[in-house]
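Heads up, the thing below is written out as structure tokens.
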């Protein structure tokens, strides 16, 4: 059964304190790994898609990387506005839905 | 351009009543998805529409749940005889094709069943 597991569930950082969020997956034949950001009371906002091991993508203070078994979302020198829940997801076998992890809730304090 | 819109943004109903939730996808997107997000849970797939193909209903939790998509655009999710466990945020997303394409989400409808 395809699964997505994210860790940690929650992460508290001081402003400027870099860290990484983990997303491990078990799928047969990865056809993309998606990262989303979700703010309280809002829908998920697309960040990145990664398709092959070794691929990296960056946006401002965020960098996503992909291996054959997991993906990391690296946050460099975070700011309070980076506080949100970060979700990762992979397509199901039928191509009809994304399978989501439960997310990592990031809190950055100044 | 306009994103995915959903209405109502909030809905409070009594147990046993029927509710309808609406989703307007991004213009030109052929695929439309409904997900449910319960407190402390991840996003749970409900149903998928793609063009004129038969929908994938495999995620609907019971026969009280149904959805339709008219004219390949607007979709309505209907929950009959609502139960307290139906309380959740219902999210709609759309994309150009299958779930391998980027899905763009609406703001969700927060449903509370009393």
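The values are calculated or read from the model by the stated rules, or taken from the named source; none is laboratory data. Keep in mind it's a predicted model, so treat the numbers as computed, not measured. Backbone-built Cβ (ideal geometry, glycine too); neighbour counts: all protein chains shown.
With A:9, A:56 as the choices, which residue is more than 11 Å from every other protein chain (Cβ to nearest Cβ) and at pLDDT 95 or above?
A:56
Out of segment A:31-45, which residues are at the interface with chain B (Cβ under 10 Å from one of its Cβ atoms) and closer than 18 Å to residue A:72 by Cβ?
Scanning segment A:31-45 gives A:32, A:34, A:36.
Where in segment B:5-45 are the strands (runs of 3 or more DSSP E), entirely inside, with at least 2 residues that are within 11 Å of another protein chain (Cβ to nearest Cβ)?
Here the list reads B:5-7, B:31-37.
Could you please find all residues in segment B:65-114 being away from chain A (no Cβ under 14 Å), assigned to a loop (DSSP other than H, G, I, E, B) and touching a strand residue (DSSP E or B) at 6+ places or on another chain (Cβ under 6 Å)?
B:74, B:82, B:87
Are any residues in segment A:1-30 in contact with a helix residue (DSSP H, G or I) (Cβ under 7 Å, 6 or more places away or on another chain) and surrounded by 15 or more Cβ atoms within 10 Å (Cβ to Cβ), and if so, which ones?
Answer for segment A:1-30, where residues must be in contact with a helix residue (DSSP H, G or I) (Cβ under 7 Å, 6 or more places away or on another chain) and surrounded by 15 or more Cβ atoms within 10 Å (Cβ to Cβ): there is none.
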